[in-house]
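Input: a single structure, listed below in structure tokens.
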Amino acid sequence: MSRPFHGDRGQTLPIYIWLTGILLFAAFAFFAFAQAASARNGAQSAADAAALAAAQDARGELVDGLTGAIGTDDPWLEWLNGEKFEGTGASAAADRLADANDSTVIGRAQRTTVNGFPGYHVAIETRYTVGDSIIPGTENRHAKAQATAVIEPRCTFADDADPTKLVQLDCGGALVDIDPEDFNLDEFPDPSVLFSVHLAE
């Protein structure tokens, strides 16, 4: 009559425990990387939103300047190049959007130029941390990200256009007529028709 091999069974248990430990470590490590990836994604979303907010605020300033110049001695067609803005509210707009995404702008929104177009560069840091994990220090680590948004003029007009008379703008295929002698602000197109705001590639 044969006896059970207790020795083999005893050797299997440590291997099982060892493999279980490896699997648990791998699961915790995967969770830690997922936490870090989630924090990075949140930070990038906050940076994108803040940069776009800064650029959109500047676009609003451009449109205000443009509409205020039409019918005056100010050469209003020059406003269509997208550069005649001070950006006085851009940083505050970036701060608001960063705050709404539980983040803080590092320094302030910086005016920049991308491919000849004006825009804003923003760097942020999340107020939340990556969180506790098996990787030491993550409980105190904040995610950081940066983004740049560009203001791209969309309108062209004839080289010999007279700013004191009716001018037809071609804004990405949409035709906009502006007559300084009969200007109606209520009929002015949406800012997005005149200037595109998008993240730099």
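Working carefully through the options 156, 112, find the one that is surrounded by 12 or more Cβ atoms within 10 Å (Cβ to Cβ), touching a residue at least 24 places away in the same chain (Cβ under 8 Å) and either farther than 14 Å from residue 55 by Cβ or of a type outside the set (Phe, Trp, Tyr) (or both). Write out each step before concluding.
Details: 156 fails: touching a residue at least 24 places away in the same chain (Cβ under 8 Å).
Just one listed residue meets the conditions, 112.
Restricting to the range 94-122, give me the number of residues that are of a type in the set (A, V, I, L, M), outside any loop (DSSP other than H, G, I, E, B) and closer than 28 Å to residue 80 by Cα.
Matching residues across the range 94-122 total 4.
Given the options 119, 60, name the one that is at pLDDT 95 or above and in contact with a strand residue (DSSP E or B) (Cβ under 8 Å, 6 or more places away or on another chain). Full working, then the answer.
Details: 60 fails: in contact with a strand residue (DSSP E or B) (Cβ under 8 Å, 6 or more places away or on another chain).
Just a single option satisfies the conditions, and that option is 119.
Pairs only if they're at least six apart or on different chains, beta carbon under 9 angstrom, first in the range 31-55 and over 30 Å from residue 89 (Cα atoms) and modelled with pLDDT under 95, second hydroxyl-bearing (Ser, Thr, Tyr) and assigned to a helix (DSSP H, G or I); list them, first residue then second.
Pairs found: 32/138; 35/138; 36/138.
Could you check the range 147-164 and list, in sequence order, the residues that are touching a helix residue (DSSP H, G or I) at 6+ places or on another chain (Cβ under 7 Å) and either among the basic types (Lys, Arg) or over 30 Å from residue 47 (Cα atoms) (or both)?
154, 157, 161, 163, 164
Does the range 181-201 contain at least one residue that is touching an Asp or Glu at 6+ places or on another chain (Cβ under 6 Å), surrounded by 13 or more Cβ atoms within 10 Å (Cβ to Cβ) and either at pLDDT below 95 or within 18 Å of residue 85 (Cβ to Cβ) (or both)?
Among the residues of the range 181-201, at least one is touching an Asp or Glu at 6+ places or on another chain (Cβ under 6 Å), surrounded by 13 or more Cβ atoms within 10 Å (Cβ to Cβ) and either at pLDDT below 95 or within 18 Å of residue 85 (Cβ to Cβ) (or both), which makes the answer yes.
Among 94, 143, 174, which is modelled with pLDDT of 95 or more and not charged (D, E, K, R)? Before the answer, list the steps.
On the way: 143 fails: modelled with pLDDT of 95 or more; 174 fails: modelled with pLDDT of 95 or more.
Every option except 94 fails the conditions.
The values are calculated or read from the model by the stated rules, or taken from the named source; none is laboratory data. On a predicted model such as this, the values are computed, not experimentally measured, just so you know. Virtual Cβ from ideal backbone geometry, glycine too; neighbours counted across all protein chains shown.
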